[in-house]
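**Student:** Quick one: this structure, given as C-alpha cells, is what I'll be asking you about.
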Amino acid sequence: MREKSVREFTRLLDIMDELRVKCPWDMKQTNQTLRKLTIEETYELADAILQDDNDSIRKELGDLLLHVAFYSKIGSEKGLFDIGDVLEGINNKLVYRHPHVFGDVSVTRGAREVEENWEKLKMTEHSGYKPVLSGVPSSLPATVKANRIQEKVRGVGFDWDSREQIWDKVTEELEELKKEIASGAKTDIEAELGDLFFTLINAARLYEIDPEAALEKTNRKFITRFNYLESRTLAKGLSLRDMTLDDMNELWEEAKQYDKPL
C-alpha cells in the first residue's frame with residue numbers, strides 16, 4: 001500500500017508539471033484564482049463527511065490534494081518552496097508538537113493534556129511574543145471561529161472548572177437578551193444574541209459536540225421535514241399559502257414521524 005501511495009503521489013506531481021505547461025486553464029491559475037475553489041472543495045469534503053459518504057470523502061480528498069500540489073507547484077515556479085518543503089514542514093511540526101510520542105514527555109491526562117501542550121509549543125515556535133488568538137483565521141465562518149477561539153484559550157488554562165457551570169452562563173446571557181428585547185434597541189439585542197450564541201457554542205465544546213455539525217444536521221432535518229410538508233400540501237392540490245398555520249403544524253408533526261431513523 002505504501003508503494004502505491006508513493007507511486008500515485010509522484011504521478012500526481014508529474015501530471016501537475018505537465019498541466020502547467022500544456023493546459024491553457026491550468027497555466028493561468030494563481031494562488032488568488034485558486035483560493036475560492038479551494039474553499040469550495042473544502043466545503044464539499046465537509047458535506048461528504050456529514051453524509052458519512054466514504055466514496056465521496058475519497059474523491060473530495062483527492063480534489064483537495066490536487067490543490068496542495070497546485071499551490072506547491074506555483075511556489076516552486078516562483079523559487080519560494082516546493083512540495084518537498086511543504087511535506088518537510090508538516091513532518092517537522094508533527095514531530096515537534098508530539099514530544100509524548102517522539103520525545104521523552106509523559107502524558108497522564110489523555111487528549112486534553114496533549115491539546116494544552118500543543119498550544120504551549122505553538123507559542124514557542126515564533127521569536128518574540130505571539131498572542132494566543134493570533135492564529136485564528138479572520139475569514140473563518142463565525143460558528144467555526146467561535147469554537148476555535150474557545151479551544152485556543154482553553155489551551156492556556158482559560159476555561160470553566162467543570163462543564164456544568166456553563167448552564168448558569170447560558171441562563172445569564174438569555175436573561176440579558178430578554179432585557180434588551182424589552183428595551184427595543186436593535187444594536188444591543190444583536191450584541192446580546194451574539195453573546196448567547198457564543199456561550200452555546202462554548203457549551204457544545206464542553207460537551208464535545210461540534211456546533212457547526214450539530215447546526216448543519218438541524219438544517220438538513222428542517223429541510224427534510226419542510227419538503228415533506230410541502231409535498232403533502234401539493235398532493236392535496238393546495239398551495240402553502242392556502243394552508244393555515246394549524247394545518248401546516250399538523251403536517252409538520254407527521255413529518256417528524258416520517259424522518260425518524262428506523
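**Student:** Could you grab the pairs with beta carbons closer than 8 Å, sequence gap of 6+ or different chains, first residue in the stretch 162-175 and over 17 Å from residue 205 (Cα atoms) and free of Cβ contacts under 8 Å to residues at least 24 places away in the same chain, second one outside any helix (DSSP H, G or I) and of a type in the set (Gly, Ala, Ser)?
**Tutor:** If the second residue must be outside any helix (DSSP H, G or I) and of a type in the set (Gly, Ala, Ser), no pairs are left.
**Student:** Which is surrounded by 13 or more Cβ atoms within 10 Å (Cβ to Cβ) and either in contact with a Ser or Thr (Cβ under 7 Å, 6 or more places away or on another chain) or at pLDDT 95 or above (or both), of 71, 96? Can you show your working first?
**Tutor:** Details: 96 fails: either in contact with a Ser or Thr (Cβ under 7 Å, 6 or more places away or on another chain) or at pLDDT 95 or above (or both).
Answer to the check: 71.
**Student:** Which condition from (1) of a type outside the set (D, E, K, R); (2) touching a Leu at 6+ places or on another chain (Cβ under 9 Å); (3) outside any helix (DSSP H, G or I) is the one that residue 237 breaks?
**Tutor:** Of (1) of a type outside the set (D, E, K, R); (2) touching a Leu at 6+ places or on another chain (Cβ under 9 Å); (3) outside any helix (DSSP H, G or I), only one is false for residue 237: (2).
**Student:** Here's something else I'd like to know. Between a first residue in the stretch 6-32 that is farther than 19 Å from residue 62 by Cα and a second residue that is at pLDDT 95 or above and loosely packed, with under 10 Cβ neighbours inside 10 Å, which pairs have beta carbons less than 6 Å apart while being 6 or more apart in sequence or on different chains?
**Tutor:** From residues that are farther than 19 Å from residue 62 by Cα, there are no pairs.
**Student:** Next question. From the list 173, 212, 216, 192, pick out the single residue that is modelled with pLDDT under 90, assigned to a helix (DSSP H, G or I) and buried (at least 16 other Cβ atoms within 10 Å of the Cβ). Let's see the steps before the verdict.
**Tutor:** Values: 173 fails: modelled with pLDDT under 90; 216 fails: buried (at least 16 other Cβ atoms within 10 Å of the Cβ); 192 fails: modelled with pLDDT under 90.
After applying the criteria, what remains is 212.
**Student:** Residue 212 versus (1) free of Cβ contacts under 8 Å to residues at least 12 places away in the same chain; (2) within 30 Å of residue 157 (Cα to Cα); (3) charged (D, E, K, R): which is the lone unmet condition?
**Tutor:** Single failed check for residue 212: (1).
The values are calculated or read from the model by the stated rules, or taken from the named source; none is laboratory data. Predicted model only: the values in this text are computed from it and were never measured. With ideal geometry, Cβ positions are generated from the backbone for all residues, glycine too; neighbour counts draw on all protein chains shown.
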